[in-house]
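Quick note: the coordinates plus some simple rules give every number you see, no bench work behind them. On a predicted model such as this, the values are computed, not experimentally measured, just so you know. All Cβ positions, glycine included, derive from the backbone under ideal geometry; neighbour counts span all protein chains shown.
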């Protein structure tokens, strides 16, 4: 087994998941300000510091996705973030796309950019210690959307990114996200997600990406936030697993779901419900951002005296999701959050 495959399997190790702390400078600044914290390189560093130094985090988290700014910063003791993560047995990762931009010919849709100069950036990130990378493609459901050109453009970009990652010795996390925005039902989400995944894997194979050395980060199959009929956890689990079984090759070692704006406990319940369906061809785990870190940010609020509380809050949500990823989560775990 080569190093890339070993790293991919380590990222989806049983009972562990990936922490997505890779918000852009702009997005992270807005979230800090919304929590009453002045945004600056120092406060962004302090916030990411408390996340990655949370006691016991390595028991539930296999990897942490960072942004370029954080990858170049250091934790309080002066150790660079990548080395601080690796010292705890957590694989450091890096977001490498430059964001979604209007798609030519269909400006209401988007295509993710960042391929220009990516080979050189990946070489630098590998030297800095990054073991994996992430690229997010955004798919919107609406009237006449997504178009075929949107699906193909994003799938092609994801595949080219993944090939460049593997060339640089970095595991690619491939993230085609079908957004929850809209009033569509779960059936429409399932149809669009299946189409998106079919297109992505066709492009990955076309670009020669080694499927055993990547991780898929898709959305769960849910109804739009504006839909009046919200599905049960059992329905979400059955629909999600059904789509994956029709679209994702067994060679892929693991599927690490994004939370996509779901409330923290809801995302956890949905992951547990999937494991209740029995073994699948791939490991099913999590790569949550807001569903892991939002409660910690609310507890911290930029106050040094709140760091321990914030870390306890993060550790609790990480443990709950790790339990779900192992099929052992129950509501009885939630009171521990107090």
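Label positions at residue 303 and residue 79, each projected 7 Å from the Cα along the C-beta direction, are separated by 2.9 nm. Counting only Cα atoms, the size of region 31-86 along its three principal axes is 30, 22, 19 Å, in decreasing order. Looking at the chain alone, DSSP beta bridges between its own residues are antiparallel in about 15 percent of cases.
Residues 37, 243, arranged from fewest to most other Cβ atoms within 10 angstrom of their Cβ, appear as 37, 243. Binning the C-alpha pair distances of region 239-330 at 10 Å intervals from 0 yields a P(r) profile of 17, 43, 26, 10, 3 %, listed from the shortest bin outward. Using a Gaussian network model of the chain in which every pair of alpha carbons under 10 angstrom is joined by a spring, one finds that among 180, 28, 274 the greatest mean-square fluctuation is at 28. By the beta-carbon count within 10 Å of each Cβ, the least crowded to most crowded order of 313, 268, 79, fewest first, is 79, 313, 268. Taking a ≥ b ≥ c as the square roots of the eigenvalues of the Cα gyration tensor, region 3-323 is classed as rounded, since a/c falls below 1.5.
Averaging 1/r over each pair of different alpha-carbon atoms in region 169-227 and inverting the result gives 12.5 Å, the Kirkwood hydrodynamic radius. Averaging the Cα positions of each part gives two centres, and for region 1-47 and region 121-152 these lie 16 Å apart. Working note: 222 nm ellipticity from helices only, DSSP H runs with n ≥ 4, each -39,500 (n - 2.57), summed and divided by the residues of the chain, gives -14000 deg cm²/dmol to the nearest 500. A straight chain from residue 229 to residue 3 at 0.36 nm per residue would run longer than the Cα-Cα distance by 76.8 nm. Residue order for 171, 75, fewest other beta carbons within 10 angstrom first, comes to 75, 171.
Once the gyration tensor of the Cα atoms in region 1-123 is diagonalised, the equivalent ellipsoid follows with semi-axes of 26, 22, 14 Å, ordered largest first.
Measuring between their Cα centroids, region 224-248 and region 58-84 lie 34 Å from each other. Label sites at residue 145 and residue 245, each approximated as a point 7 angstrom past Cα along Cα to Cβ, lie 3.2 nm apart.
Working from the pairwise distances between different alpha carbons, so that the mean of 1/r is found and then inverted, what is region 69-150's Kirkwood radius in Å?
Working: mean 1/r = 0.0674 Å⁻¹.
Mean inverse Cα-Cα distance, inverted, gives 14.8 Å.
Note on region 155-204 and region 259-329: Cα centroid distance 22 Å, given to the nearest whole angstrom.
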